[in-house]
1. Go over the candidates 63, 77, 43 one by one and state the one that is touching a helix residue (DSSP H, G or I) at 6+ places or on another chain (Cβ under 9 Å) and either open to solvent by 60 Å² or more (accessible area, probe 1.4 Å) or of a type in the set (Lys, Arg) (or both).
2. Does the stretch 85-102 include one or more residues that are hydrophobic (A, V, I, L, M, F, W, C) and either without any contact (Cβ under 8 Å) to a residue 40 or more places away in the chain or on the phi > 0 side of the Ramachandran plot (or both)?
3. Exactly one of these conditions fails for residue 246: (1) more than 30 Å from residue 334 (Cβ to Cβ); (2) modelled with pLDDT under 95; (3) open to solvent by 60 Å² or more (accessible area, probe 1.4 Å). Give me its number.
4. Can you confirm whether residue 137 is touching a strand residue (DSSP E or B) at 6+ places or on another chain (Cβ under 6 Å), closer than 20 Å to residue 387 by Cα and not β-branched (Val, Ile, Thr)?
5. Taking residue 280 and the conditions (1) open to solvent by 20 Å² or more (accessible area, probe 1.4 Å); (2) touching a residue at least 24 places away in the same chain (Cβ under 8 Å), which numbered condition does it fall short on, given that it satisfies the others?
6. I'd like to verify a number: residues in the stretch 338-371 that are among the small types (Gly, Ala, Ser) and touching a helix residue (DSSP H, G or I) at 6+ places or on another chain (Cβ under 6 Å), how many?
7. So which of 388, 337, 306, 326 is touching a residue at least 60 places away in the same chain (Cβ under 8 Å) and closer than 16 Å to residue 269 by Cα?
8. Could you list, in sequence order, all residues of the stretch 82-92 that are over 25 Å from residue 201 (Cα atoms) and open to solvent by 10 Å² or more (accessible area, probe 1.4 Å)?
Amino acid sequence: REMVGGAGFSAFVANGAILPRASGASDAPMDKTKAIAFKSPASLEQTFELPHTGQVTGMAIKSGVTVIVGGGFHGKSTVLAALENGIYNHVPGDGREFVVCSKRTVKIRAEDGRAVNSVNISPFINNLPYGRDTYNFSTPDASGSTSQAANIIEAIEVGVDTMLIDEDTCATNFMIRDARMMALVSSEKEPITPFINKVRALYDEKGISSILVIGGCGDYFEVADTVVMMDGYVPSDVTTRALEIARSHRATESAIAHDAAFGQLSIRSPEPRGLEPQGESRKVVARRLDTISFGEVELDLGGIEQLVEVSQVRAIAEIMQWLTQQRLLDGKRSLAQILDVVEDEIAKSGLDGVATFRACGNLALPRRFELAGAINRLRTATFAISPQAE
């Protein structure tokens, strides 16, 4: 993983990897007699020398904007799902032992109905009806587009370097507006700046790569550095052909404005009252992988797709209580600074150092991104917000 990042790549999929799982309810690999082993296109192939394994060869995805295309059921989302879990090491026999991506990779999706608390979504959404503020946007019931915008901004806030995006789990109007729709609904009447307008600036200005699964919108060829096509679970490098198609249709696509600047960001600082459990029972309990009972509030983690073990959720519940006990939430420290303190404490004392009861033995390490995701989705959370210095 360190070698891949150090060589300027965002992700790596080894030749021979078995990416499909046995079923939707199992994380075990598909039977090798039925699965098609991964084989990199020659043009994207890289070899790394590991100290104990020796040479490992496979497809290296360059930092930048990568688009994965192909027909339905040909393996696009299977590749992305493997990369989504490439933040973790895998046990021998998993099939994805050498499928890796940066530790700061975050899966992004739309999440209708989630709570959004004081997030500056103005890079993507402006001029809402009735003058609603998008520089300090809050809602208990986000739409697909506002939730996806918030998920991106919140990931940037805590240090993402690669985003994974599957068109199937995105808000369509957030991803693209075609020329016909722009002709009918003018920009002055549309508050959403689509992701396609910002994805280049996200990398060129912020250094954040995007790996996108796109099945129905060829406009993304225009902004891609690399285009990979999956055909019967076999990848091929179609970048040259995709760019030729983009150039041949550029007269039509010229209406799409690719923003040179990403837009203004803000600093958010959690306030203490927002993370205090409310109600008669102030217990904080991890119920399952997608839910924490936080006093009388149910904290929905279903949109945080890179949580894989309920022990991580237990740790998140413990850390959220520890933050209040340690008086780290003062409305002055940014969320990113608070996460730095948590990581330092865990590095020094282990997970027991942030547990309500020491030596509890049933916690697993969550990343800062999943912890931030839980805090951001807590419906009682409040934040002080200020502009980020340029």
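The values are calculated or read from the model by the stated rules, or taken from the named source; none is laboratory data. On a predicted model such as this, the values are computed, not experimentally measured, just so you know. Note that we place each Cβ from the backbone using ideal geometry, even for glycine, and neighbour counts take in every protein chain shown. Protein only, heavy atoms only, side chains kept; ligands, DNA and RNA dropped before computing areas. Shrake-Rupley method; radii C 1.70, N 1.55, O 1.52, S 1.80 Å.
1. So the residue among 63, 77, 43 that is touching a helix residue (DSSP H, G or I) at 6+ places or on another chain (Cβ under 9 Å) and either open to solvent by 60 Å² or more (accessible area, probe 1.4 Å) or of a type in the set (Lys, Arg) (or both) is 43.
2. Checked the stretch 85-102: at least one residue is hydrophobic (A, V, I, L, M, F, W, C) and either without any contact (Cβ under 8 Å) to a residue 40 or more places away in the chain or on the phi > 0 side of the Ramachandran plot (or both).
3. (3)
4. Judged against the criteria, residue 137 is a match.
5. Against the list (1) open to solvent by 20 Å² or more (accessible area, probe 1.4 Å); (2) touching a residue at least 24 places away in the same chain (Cβ under 8 Å), residue 280 comes up short only on (2).
6. 4
7. Unique residue meeting the criteria: 388.
8. Within the stretch 82-92, 85, 88, 89, 90, 91, 92 meet the criteria.
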